[in-house]
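No value in this document is a laboratory result; all are computed from the given coordinates. Source: prediction; values computed, not measured. Glycine gets a Cβ as well: all are built from the backbone with ideal geometry, and neighbour counts include every protein chain shown.
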There are 2 protein chains.
Amino acid sequence: MEKSKKIPKATIKRLSLYYRQLELLEFDGYRMVSSEKLAWLCQVNPAQVRKDLGYFGEFGIRGVGYDVRDLQREIKTILAVNRSWRMAIAGVGNLGSALLQHQNFPARGFHFVAAFDVDRDKIGMTLPSGLRVRDIRELRQVAEDLEVEIGVITTPPSVAQEVADLFLASHISALLNFSPTQIHVPDCCLVENIDFTIKLDILTYKLKHELDE
Amino acid sequence: MEKSKKIPKATIKRLSLYYRQLELLEFDGYRMVSSEKLAWLCQVNPAQVRKDLGYFGEFGIRGVGYDVRDLQREIKTILAVNRSWRMAIAGVGNLGSALLQHQNFPARGFHFVAAFDVDRDKIGMTLPSGLRVRDIRELRQVAEDLEVEIGVITTPPSVAQEVADLFLASHISALLNFSPTQIHVPDCCLVENIDFTIKLDILTYKLKHELDE
């Protein structure tokens, strides 16, 4: 891959989708897949699949398609998910608990190694995963000690920025924010926001209007 | 608003963000806000704010800014969230339960009116919200009777398409899919996907590479 080339975020999202479908294809016993079929499964057009993969090299065989297993491995390398990542979560409410038990994270190499809360009734409690809930005041030290790489925020919006700052102070540079508020971080750091209600706003807008994707 | 003009999806997402920040500004006692300040709060540039709002009309006063309360009302109308929406959820696992209790949904006018599962131990159970879990086989009839408008899918990926088809059969045309798989729907219907692991893939990719937004 040419390091100098900037890749659109939408391409990265689609690579992630392609990867999921390739897993399913492998599970179903397929060894090869055409760009047309992969495109159909992912609801994009075949030219888009070829263009997205083209950023990173030549993977397919003309007229034959892609090797299902090879392409998975290539995409894993591109996305840097060919290794495991250490995550910590702040906010062990309903959503936090659900995420801690969500099987999709460990299945994809994302492991929760610590969980924090402010609630005295929760601190010290052992979660179904075996993790013990820790006092949020320990966040900075524990996250450093455990070499956490990604911080997950499931606190109420009013304290989300404060918690983000704690994560950043422990040298974590990537945050996944489930709290419905904007978090400000320095340019060196990354935040991805997951706001359910924004998705609902998009749905309701679309239900009323025509929308250009 | 000119009905003929197609609005980019990114604009709709940002309107949703502007709205959240306007709520906070009102809460903090602000009556007016400049496009610069609103832009800073939402981490976009001021020209973008003006362009996004420009699709829908003239809202600001040159040199003064926007009326915080008026602009909220306008955006609510644009997003069609100036009313309440009836939702049903399929899959009352950890994530489903967390969503059913998530205060952000009712606060924004999104109300769960039904919850479905296949698990015999869950069917008939009364949830903290007072909703009773129903047999998924009742989905089609109940969703019609209760005039559900949005279907939320929190099932395992293996049955997500089947559940989507049930929702569509009950004349629901908008789905919010939390299951990490692609759902195929006819052109007349809408799906928004929320896949946590795609966001993590984006983070890990960014941690490794430079990325063009």
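Some values worked out for this structure:
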| item | result |
| --- | --- |
| Span-like helix ranges in chain B, DSSP H, alpha carbon extent 24 angstrom or more, Kyte mean at least -1.0 | B:9-27 |
| Net charge dipole size for chain A [Lys, Arg +1 and Asp, Glu -1 on Cβ; Debye, nearest 20] | 540 |
| Cβ-defined net charge surrounding A:Thr155, 15 Å radius [Lys, Arg +1; Asp, Glu -1] | -3 |
| Expected 222 nm ellipticity per residue - DSSP helices of 4 or more, -39500 (n - 2.57), all of the protein assembly as shown, to 500 | -13000 deg cm²/dmol |
| Residue mean of other protein chain beta carbons inside 10 Å, A:189-198 | 6 |
| Rounded to 5, the percent of DSSP beta bridges in the protein assembly as shown classed as antiparallel | 15 |
| Globularity ratio of chain B, using Cα Rg and 2.2 N^0.38 Å | 1.18 |
| Cα-Cα P(r), the protein assembly as shown, percent of pairs per 20 Å interval | 24, 58, 18, 0 |
| Estimated FRET transfer efficiency (B:Cys189, A:Glu26; beta-carbon r; R0 30 Å; 0.05) | 0.55 |
| Region B:9-79: translational diffusion in µm²/s, Stokes-Einstein, Kirkwood Rh over Cα pairs, 37 °C, 0.692 mPa s | 279 |
| DSSP-defined beta bridges in chain A - what % are antiparallel, rounded to 5 | 15 |
| Near-label residues of region B:53-94 by backbone N, under 15 Å of a point 7 Å along Cα→Cβ of B:Ser129 | B:84-94 |
| Efficiency of FRET from Cβ geometry, B:Arg50 and A:Lys6, R₀ 30 Å, rounded to 0.05 | 0.70 |
| Cα gyration tensor shape for region A:85-198, rounded if a/c is under 1.5, else prolate or oblate | rounded |
| Ranking of A:His184, B:His209, A:His102 by count of other Cβ atoms within 10 Å, fewest first | A:His184, B:His209, A:His102 |
